[in-house]
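Structure, as structure tokens:
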Amino acid sequence: MEFPQALRSLFSRNPDSLASVGKRVEELEIRLGQFISLVSLKDQLPPIPPKHLQIRVAGAYYPTFFQHGKDMFYDLEDFLKREGLSLFDFDSILDFGCGCGRFMIPMSFLLPPKKISGTDIDKEAIQWFKANYPCFNDLDVNGFTPPTKYADATFDFVFSVSIFTHLPEEMQHVWLKELSRIIKPGGCGIFTTHGENHFHHLNQAAREELMTKGFYYLMRDATDGLPEFYQTSFHTGEYVQREWSRYFDVLAIRKKGVGKSQDAVLVKKRIKADR
Ligand SMILES: C[S@@+](CC[C@H](N)C(=O)[O-])C[C@H]1O[C@@H](n2cnc3c(N)ncnc32)[C@H](O)[C@@H]1O
């Protein structure tokens, strides 16, 4: 039986369900119309990044791209609350490795965008982002190694989702040092890692090295549009606690704390550089 015929037969047996579907569709149409008329008061719908830029950061093209950004925003907020902090209280926030805006675009509806800056090595993504979202404080292309253009102690909060999950060990160190430089004393950061939840991607030998050293850098094919060094890194919690403490106080590590996948590391810049 063809689908429309099946539907027709279902509804002829149950005219009430046809009426209720019709009513629901009508309601949805009205809501959508109201939504479009509200958005059009602002002259345009929010621009959506091109498909290949979304795939570059998320590995796929899917309808919940921005929903993920928004959900992860609330993951950060939830983690910060543990320290009595809130994204809504910071005056200056940096998204380190912002890509084409999976986080920053939904964030711009939740916080004043003038408080938010973003930086990434991906020139094409930043070019698109700058042209389409002039509302942010700043969008910049940084080099593969530090420094960024930002002055010492610029930001209250820096977050970096899925960046330290891709860097070789030495690059991780120089970037942690740089992020520590640009965060205000007493300011915080949340950076994600591939923790235990991701160790099953490694073979036995790699896992042994990871467990001995605490860090493993897996070389595979390059990601289209990104440099060769951009691979996949894994961290144990002990390694993060030990090594990242050179640059920050490591306040907490929340397993699968962002997107129910990557570990989230909450760090605080020491008030006095005592190490
Ligand atoms: C998996 S994507 C995540 C992007 C974004 N944070 C998100 O969650 O949608 C990783 C991003 O890190 C950027 N990246 C890699 N190395 C970087 C570096 N040293 N400095 C800034 N961005 C970097 C890449 O260009 C890419 O946009």
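All of the numbers you see were taken from the coordinates with simple rules; none came from a lab. Only a predicted model underlies this, so the values are computations on that prediction, with no experimental measurement involved. Note that each Cβ is placed from the backbone with ideal geometry, even for glycine, and that neighbours are counted across all protein chains shown.
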- Query: Distance from the Cα centre of the range 127-154 to that of the range 55-110, in angstrom?
  - Reply: 16
- Under 13 Å from the Cβ of residue 202, count the other residues' Cβ atoms, weight Lys and Arg +1, Asp and Glu -1, and hand me the total. 0
- Give the shape of the range 117-275 as rounded, prolate or oblate, defined through the alpha-carbon gyration tensor: a ≥ b ≥ c are the square roots of its eigenvalues, a/c under 1.5 means rounded, and otherwise the shape is prolate if a/b is larger than b/c and oblate if not. oblate
- Task: Take peptides 47-59, 182-194 and line them up by average Cβ neighbours within 10 Å, highest first, as a rough protection proxy.
- Result: 182-194, 47-59
- Restricting the range 136-184 to GluC sites (Glu not before Pro) in coil, as DSSP defines it, with at most 14 other Cβ within 10 Å: none
- Quick one: helix 204-213 against the long Cα principal axis of the chain, what's the angle to the nearest 10°, folded into 0 to 90? 50
- Task: Would you please put 154-162, 100-108, 86-94 in order of how densely packed they are, using the mean number of other Cβ atoms within 10 angstrom per residue and starting with the highest?
- Result: 100-108, 154-162, 86-94
- Message: Under the rule a/c < 1.5 gives rounded, and otherwise a/b versus b/c splits prolate from oblate, where does the chain land using the Cα gyration tensor?
- Response: prolate
- Compute the long axis of helix 169-182 from its Cα atoms, compare it with the longest principal axis of the Cα atoms of the chain, and write down the angle in degrees, 0 to 90, nearest 10. 90
- Task: Could you work out the local net charge near residue 110, counting Lys and Arg as +1, Asp and Glu as -1, over the other residues with Cβ closer than 10 Å to its Cβ?
- Result: 0
- Going by how many other beta carbons lie within 10 Å of each one, how would you line up 177, 81, fewest first? 81, 177
- Message: Can you tell me the orientation of helix 3-13 relative to the chain, as the angle in degrees between its alpha-carbon axis and the longest Cα principal axis, to the nearest 10?
- Response: 60
- Note on the structure: Lys and Arg at +1, Asp and Glu at -1: neighbours of residue 255 with Cβ under 9 Å from its Cβ sum to 0
